[in-house]
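Visitor: One structure is given below, represented as structure tokens, and several questions about it will come after.
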Amino acid sequence: MQTLLNTLYVSTPYSYLHLDNDTIRVEVERETRLRVPLHHLGGVVLFGNVLVSPPLIHRLADEGKSLVLLSEHGRFKARMEGPVSGNILLRQAQHARAADAAFTLGMARACVAGKIKNARQVLLRGGREARDGDDGASLARRADDLAAALRALPAASNLDTVRGLEGEAARQYFAGLNRVLRADARAVFAMDGRSRRPPRDRMNALLSFLYAMLMNDCRSAVEAVGLDPQLGFLHAVRPGRAALALDLMEEFRPLADRLALTLVNRAQLQRGDFVEHDGGAVSLGDTGRKTVIVAWQEKKREELAHPLLQQAVAIGLLPLLQARFPARTLRGEMESYLPFISR
């Protein structure tokens, strides 16, 4: 458990959070492990079986602080917060433009283009740093395949075609990630394609955990600018699905992938940091989760050059900045949505 930036993360099983005047007190087996003043926090994120007192839940709601529930594997389960604020005129525009097939198609193309371009950079970088010639050549070929998908995107005339191009690009990309892993780590961390719910190998378990935290950041960003997180353009609308947050998340997935590769290649995660369950599911153990949470928050402090703003921006602020661009596009202030492209 730890407080990073303005968020309290609690992953220790059977921890108990309760209100102590204006402070959150975290207990494990009736022993106080942490005290955090409420005014320091913007939200609380809980992993797995963690208990929260009703008075604390009410206080968080009263002060507009979010309470996010994730499974012990990092899968999003629920988000609780007080009354929704936001710009009703912006949401009206969002719902109106969602019925415009041309606008929806343009937004979907932009989201997929951002994802593929950033994924391609991961492969190209891996190829440049590869010590084995076969690895470098394989990564270069897969990067070329992603470039071909990018060239095909402008001609995609409907959402199904866009989603098909995204799916094939993702298949090629994930098949190439094993070549970016350090050679002596591949036996433990190699992927057999992307698997989820449940993850079937250690790398998939790591990616799913990182994606869950990224999703929370993107949903918070979408809500912060006043957009409806449930109504997206690339992702189909389904009950309980934050489709717009998923749209925004696509361009940032490769940033999470890079961190996963770094944690493995630097041996910050080992076989023992994962738990293998009956039926073939794999998840991060308690120590592994703590390692990833700390690394993710440190990653969010790093700065990248934003190509549109032409200045350095902390990675943790990127979803908040990018969420403003769909809002501007909906208002007519921007001609089209421009995804974040890393270098």
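Visitor: For the stretch 134-177, what does the alpha-carbon gyration tensor say about shape, rounded, prolate or oblate, given a ≥ b ≥ c as the root eigenvalues, a/c under 1.5 as rounded, and a/b over b/c as prolate?
Guide: oblate
Visitor: Consider a paramagnetic label point 7 Å from the Cα of ALA137 along Cα→Cβ; state which residues of the stretch 161-203 have an amide N under 16 Å from it.
Guide: Of the residues in the stretch 161-203, 179 have backbone N under 16 Å from the label point off ALA137.
Visitor: R0 = 35 Å: FRET efficiency of ALA61 with ARG266, Cβ-based, nearest 0.05?
Guide: So the FRET efficiency works out to roughly 0.30.
Visitor: Most fluctuating residue of ASP228, ASP286, ASP160 in a GNM of the chain with Cα springs under 10 Å: which is it?
Guide: Of the options given, ASP160 has the highest mean-square fluctuation.
Visitor: Counting only heavy atoms of protein chains, what accessible area per residue, in Å², does the stretch 58-162 have with a probe of 1.4 Å?
Guide: Accessible surface, normalised per residue, equals 53 Å².
Visitor: Most mobile of ARG79, ARG289, ARG179 per a Gaussian network model of the chain (Cα springs, under 10 Å)?
Guide: In this elastic network of the chain, the residue with the biggest mean-square fluctuation among ARG79, ARG289, ARG179 is ARG79.
Visitor: In nm, to one decimal, how far is the modelled label at ASP286 from the one at LEU308, with both set 7 Å along Cα→Cβ?
Guide: That separation, rounded to one decimal, is 4.3 nm.
Visitor: How long is the gain from VAL294 to ASN178 if the chain were fully straight, where each residue apart is worth 0.36 nm and the alpha carbon distance is subtracted?
Guide: Difference between extended and current length: 39.3 nm.
Visitor: Order the following by accessible area, largest value first: ARG258, ARG131, ARG141. Probe radius 1.4 Å; ligands, DNA and RNA are ignored.
Guide: Result of the area sort, largest leading: ARG131, ARG141, ARG258.
Visitor: Continuing with this model, one more query. If I compute solvent accessible area with a 1.4 Å probe over the protein chains, what percent of it on the stretch 50-193 is carbon and sulfur?
Guide: Whole-percent figure for carbon plus sulfur exposure: 52.
Visitor: Just want to confirm a number: the relative contact order over the chain, from Cα pairs under 8 angstrom separated by 6+ residues, in percent.
Guide: 16
Visitor: Let me ask something else about it. Taking R0 as 30 Å, what FRET efficiency do you get between ALA236 and ARG151 from their Cβ-Cβ distance, rounded to the nearest 0.05?
Guide: Efficiency for this residue pair is about 0.75.
Visitor: If we sort 266-277, 188-199 on the protection proxy, mean other Cβ atoms within 10 Å, highest first, what's the order?
Guide: Packing proxy ranking, top to bottom: 188-199, 266-277.
Visitor: In addition: Roughly to the nearest percent, how much of the accessible area of the stretch 233-278 is carbon and sulfur, given a 1.4 Å probe?
Guide: 46
The values are calculated or read from the model by the stated rules, or taken from the named source; none is laboratory data. None of these values were measured; they are calculated from a predicted model. Glycine gets a Cβ as well: all are built from the backbone with ideal geometry, and neighbour counts include every protein chain shown. Heavy atoms of the whole protein, side chains included, go into the accessibility calculation; ligands, DNA and RNA do not. Shrake-Rupley method; radii C 1.70, N 1.55, O 1.52, S 1.80 Å.
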